[in-house]
1. Quick one: would you say L61 is surrounded by 13 or more Cβ atoms within 10 Å (Cβ to Cβ), hydrophobic (A, V, I, L, M, F, W, C) and not in a strand (DSSP E or B)?
2. Considering only residues that are of a type in the set (V, I, T) and outside any strand (DSSP E or B), look in segment 22-58 and name the one that is least open to solvent (accessible area, probe 1.4 Å).
3. Anything in segment 26-69 that is acidic (D, E) and in contact with a Lys or Arg (Cβ under 7 Å, 6 or more places away or on another chain)? List them, or say none.
4. If I ask for residues that are in a helix (DSSP H, G or I), open to solvent by 70 Å² or more (accessible area, probe 1.4 Å) and either under 15 Å from Q59 (Cα atoms) or at pLDDT 85 or above (or both), which ones from segment 7-21 would you list?
Amino acid sequence: MRFAHHARDEPAVAIQGRDAFRALAEPSRGLFHEQRANGWQFDTDRAIVDIDDRGTLTQNLDGGSTTHTMLELKARSESGFAGDCIVFLAAYS
């Protein structure tokens, strides 16, 4: 599996493998209290989801955002499939 994150239209992170993805994702699990999917697009080998993230930070972030700061972000998630497997994830925020 490949994963890429793009922030402000710039590549920010690119990793490969389930363990690397888990190591990157686990610390971020509790950052947002609310996520809402606003739109879905599907075809045979790809899914795209538009997401609104809203919540109070539960921890400080690099770059200066601190605990208890309210954030509202627009994001998009893309997933690629081969057979029954997810082969890539990409996140855009």
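1. Considered against the rule, which asks whether it is surrounded by 13 or more Cβ atoms within 10 Å (Cβ to Cβ), hydrophobic (A, V, I, L, M, F, W, C) and not in a strand (DSSP E or B), L61 comes out as yes.
2. Looking at the filtered set, the residue picked out is T58.
3. Those that are acidic (D, E) and in contact with a Lys or Arg (Cβ under 7 Å, 6 or more places away or on another chain): E34, D50, D52.
4. D19
The values are calculated or read from the model by the stated rules, or taken from the named source; none is laboratory data. This structure is a prediction, so every number in the text was calculated from the model and none was measured. Don't worry about glycine lacking a Cβ; one is built from the backbone with ideal geometry, like all the others, and counts go over all protein chains shown. Side chains are part of the model used for accessible areas, which takes the heavy atoms of the whole protein and leaves out ligands, DNA and RNA. Shrake-Rupley method; radii C 1.70, N 1.55, O 1.52, S 1.80 Å.
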